[in-house]
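Below is one structure, written out as structure tokens; the observations come after it.
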């Protein structure tokens, strides 16, 4: 039997005074919810980026209407190094510095391995893994000299568990997990923390468009609560990792899941 969705958690100023940058924050997914939650948790300034200009402007307006905080926006394609450098530099300039980076950009798809083309493999790896690498590299160049900062990456339980037709996405997310651990060790001596969340199934309209009802039903059936996570339930854990409440955590991948084998 499906458990009901809990009440939305009100903000407790966990990010009071923090400057936050979030990638892939347009649309209705985890990135948008993370931006809204950061605003509700008292973030001083927020920069949101995405590759979709129209959706980004809409996200800006919706967050401002819901929270009273109007994010700064900038177009960024995380597969383009020039875009990444421009985003980090512009965010640092606009906000003075960046305290928190949430690496949310990722791309999925479905294909059996024997049928998967090089292009299908490469585009998922380039956005999901290489994009996280590029953003992390650029942000560490900003945070390490300051001796402070937090990076939160978005991984997936598929980095640990197998699923048919998801070899490219699972490989990319496993890479994000390994990147998180290695980056955390290198950044620790500079006072910078790097962690990741690993959601199982967070429901939003875009997921419905790219995933069949049959697959979604099977995935939901594996969740102990009998329902997918709300995107804000994943964003809440991102906020925790971004906050000082997780000050002793680095190199960790936190599962946001009720999934069972």
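Quick note: the coordinates plus some simple rules give every number you see, no bench work behind them. These figures come from a predicted structure and were not determined experimentally.
Rounded to the nearest 10 degrees, the angle from helix 131-146 to the longest Cα principal axis of the chain is 30 degrees.
Translational diffusion coefficient of segment 19-252 (Stokes-Einstein, Kirkwood radius from Cα pairs, 37 °C, 0.692 mPa s): 185 µm²/s. Taken over segment 1-122, the alpha-carbon convex hull comes to 140 cubic angstrom per residue. Is the shape of segment 60-149 best called rounded, prolate or oblate, per the rule: a/c under 1.5 gives rounded, else a/b larger than b/c gives prolate, else oblate, with a ≥ b ≥ c the square roots of the Cα gyration tensor eigenvalues? It is oblate, given that a/c is not under 1.5 and a/b is not larger than b/c.
Note: relative contact order over segment 19-252, using C-alpha pairs below 8 Å and six or more positions apart, is 20 percent. Largest GNM mean-square fluctuation among 196, 188, 235, using the chain with Cα springs under 10 Å: 188.
Compared with the dominant principal axis of the Cα atoms in the chain, helix 53-67 is inclined by about 70°. With respect to the chain, whose longest principal axis is taken over its alpha-carbon atoms, helix 30-40 is tilted by about 40°. Over the residues of the chain, the helix contribution to mean residue ellipticity at 222 nm works out to -14000 deg cm²/dmol, using -39500 (n - 2.57) for each DSSP H run of at least 4.
Using DSSP, restrict attention to beta bridges with both residues in the chain and report what percent are antiparallel, rounded to the nearest 5. About 5 percent, rounded to the nearest 5. Contact order, relative form, for segment 115-261: 28 percent (alpha carbon pairs under 8 Å, 6 or more residues apart, mean separation divided by residue count). Measuring spread by the Cα atoms of segment 107-214 yields a radius of gyration and Dmax of 15.5, 50 Å. Given a cut-off of under 8 Å on Cα pairs at least six residues apart, what relative contact order in percent is computed for segment 1-68? Here the relative contact order equals 34 percent.
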